[in-house]
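A.B. asks: Mind looking over this structure? Questions follow.
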Ligand SMILES: Cc1cc2nc3c(=O)[nH]c(=O)nc-3n(C[C@H](O)[C@H](O)[C@H](O)COP(=O)(O)OP(=O)(O)OC[C@H]3O[C@@H](n4cnc5c(N)ncnc54)[C@H](O)[C@@H]3O)c2cc1C
């Protein structure tokens, strides 16, 4: 059994950030990844300015293979059923359009950690002073012994499931899927990521250009039919926006998503010597932007391990104290008071709204309200409002709600 300081599960961006902090502090760190690297990752690859800064500051300039065409994105355009569209540029200018297969591999290599790919996490036992991690490689069992384990293994996190077996049943699950189309005619600007606040289309509807094709994506509560939902969106884009596309290519894809924990401050940070970070912990910024919070939370998980050893404190205590800043950033993005009176996002929604005439402004607000009503069945409204009211009183969001 290989014995190291820290095992990180998942060769993701959160993992790369955590590994960087650990390796820099001199801790022997192994990253295990179930797929062969470089691995495919379903993602639009639209990086927020904060995520971009993190990559530059920690890993250096991005090599050319880490981006798709168009190589950069100016910002986001919101579209509404009343046919008002609002383009919003990112603060600080365009950001790279990441090709996750290569950007994640580049970042994990730059972290300096030892990486074991084709090695799938299967379970763990926290023995108090160390953790035994069970995994399998090419069908053969393999074990590691580590002082701490970090689960950076994405929304369906097997690490979180190992630590909290009932957790996955307690939250609503969504499916997001995308199809790729050759373009006949597409009036949607290729410089922006396009998002529809349209309850008739789904919980999460988007489109953007990539490598000469147009992506049409749709997200909805798990259990609905992807092909049907996608067809409705494609028809809508053609009728309302004049987007004419060839039938979808065969390489469509989809996955489960855990929207929700960051809206209602129900993050899951692990137990004992096992930490969860990135989207495994529930970090997801508004309109599904998850890379910047994966990077920052990952880095904090690594720093927490280093700090806990230095101070000889329980790692959960240290991690929870340190991660509160990222919780504030992420949950602020969903906080209606912050949206109304502050600037929690990285593009200026209030300014774009004020540029509209008062009639269009009213339409946008009405359409947004109708869209929010779509999420009523999840009973998030009261929890969001109570978090929003608590925020100025305690200067953050209650740690009592975290697992
Ligand atoms: C369709 C779609 C579009 C998106 N678009 C954007 C976007 O434009 N911008 C943005 O910022 N975010 C976007 N996101 C969100 C973003 O992709 C995620 O929030 C982000 O990748 C989370 O990073 P992570 O490091 O937490 O984990 P992930 O990137 O999810 O990585 C988890 C890793 O763990 C590995 N793993 C899982 N199980 C095991 C196991 N048993 N053993 C070993 N390894 C395992 C996986 O293979 C994977 O490599 C999008 C997501 C989807 C689904």
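A.B. asks: Could you tell me how far the Cα centroid of the range 1-65 sits from the Cα centroid of the range 158-175, in Å?
C.D. replies: If we compute the Cα centre of each part, the gap is 23 Å.
A.B. asks: Of the candidates 33, 303, 125, which one comes out as most mobile in a Gaussian network treatment of the chain with C-alpha springs shorter than 10 Å?
C.D. replies: With Cα springs under 10 Å in the chain, the top fluctuation among 33, 303, 125 is at 125.
A.B. asks: Related question: Report for the chain the percent antiparallel among DSSP-assigned beta bridges with both residues inside it, nearest 5.
C.D. replies: Within the chain, antiparallel bridges account for around 70 percent of the total.
A.B. asks: Applying 1/(1 + (r/R0)^6) with R0 = 22 Å to the Cβ-Cβ distance of residue 83 and residue 42, what FRET efficiency is obtained, to the nearest 0.05?
C.D. replies: 0.15
A.B. asks: Can you sort 289, 238 from fewest to most other Cβ atoms within 10 Å of each residue's own Cβ?
C.D. replies: On the way: 289 22, 238 14.
In increasing order of surrounding Cβ atoms, one gets 238, 289.
A.B. asks: Mind pulling the angle between the C-alpha long axis of helix 13-24 and the longest principal axis of the chain? Nearest 10 degrees, somewhere in 0 to 90.
C.D. replies: For 13-24 against the chain, the angle is about 40 degrees.
A.B. asks: Also, I was wondering about something else. Among 197, 341, 269, which one moves the most in a GNM of the chain with springs linking Cα atoms closer than 10 Å?
C.D. replies: Ranking 197, 341, 269 by mean-square fluctuation puts 341 first.
A.B. asks: With axes computed from alpha carbons, what is the tilt in degrees of helix 381-394 against the longest principal axis of the chain, rounded to the nearest 10 within 0 to 90?
C.D. replies: Rounded to the nearest ten degrees, it is 60.
A.B. asks: Expressed as a whole number of Å, what is the distance separating the alpha-carbon centroids of the range 346-403 and the range 94-132?
C.D. replies: After rounding, the separation between the Cα centres reads 33 Å.
A.B. asks: Using only the Cα atoms, work out Rg/Rh for the range 174-257, with Rh taken as the Kirkwood radius, to two decimals.
C.D. replies: Radius of gyration over Kirkwood radius for the range 174-257 works out to 0.93.
A.B. asks: If you build a Gaussian network model of the chain, linking Cα atoms that sit under 10 Å apart, which residue out of 85, 103, 301 swings the most?
C.D. replies: 85
A.B. asks: Follow-up question, since we're still on this one. Considering the alpha-carbon set of the chain alone, what are its Rg and its Dmax in angstrom?
C.D. replies: Cα only, the chain: 21.0, 67 Å (Rg, Dmax).
A.B. asks: Rounded to the nearest 0.05, what FRET efficiency do residue 138 and residue 171 give with R0 = 41 Å and r taken as the Cβ-Cβ distance? Could you check?
C.D. replies: 0.80
A.B. asks: Describe numerically, in nm with one decimal, the distance between label points set 7 Å from Cα along Cα→Cβ at residue 312 and at residue 356.
C.D. replies: Taking the simple label geometry, residue 312 and residue 356 are separated by 6.0 nm.
A.B. asks: Let me ask you something else. Averaging over all projection directions, find the projected area of the Cα convex hull of the range 1-131 and quote it in nm² with one decimal place. Spell out each step's value before the answer.
C.D. replies: Working: hull surface 43.4 nm².
Hull-based average projected area comes out at 10.9 nm².
A.B. asks: Where does the range 122-233 land on Rg(C-alpha)/(2.2 N^0.38 Å)?
C.D. replies: For the range 122-233, the normalised Cα radius of gyration comes out at 1.54.
A.B. asks: Next up: On C-alpha positions alone, give me the angle between the axis of helix 49-59 and the longest principal axis of the chain, in degrees, nearest 10.
C.D. replies: Once rounded, one gets 30 degrees.
A.B. asks: Which whole-number percentage describes the relative contact order of the range 248-402, with Cα contacts under 8 Å and a sequence gap of 6 or more?
C.D. replies: Relative contact order comes out at 26 percent.
Every number here is computed from the coordinates shown, using simple stated rules; none is lab data. All values reported here derive from a predicted model rather than from experimental measurement. Neighbour counts run over all protein chains shown; Cβ positions are idealised from the backbone, glycine included.
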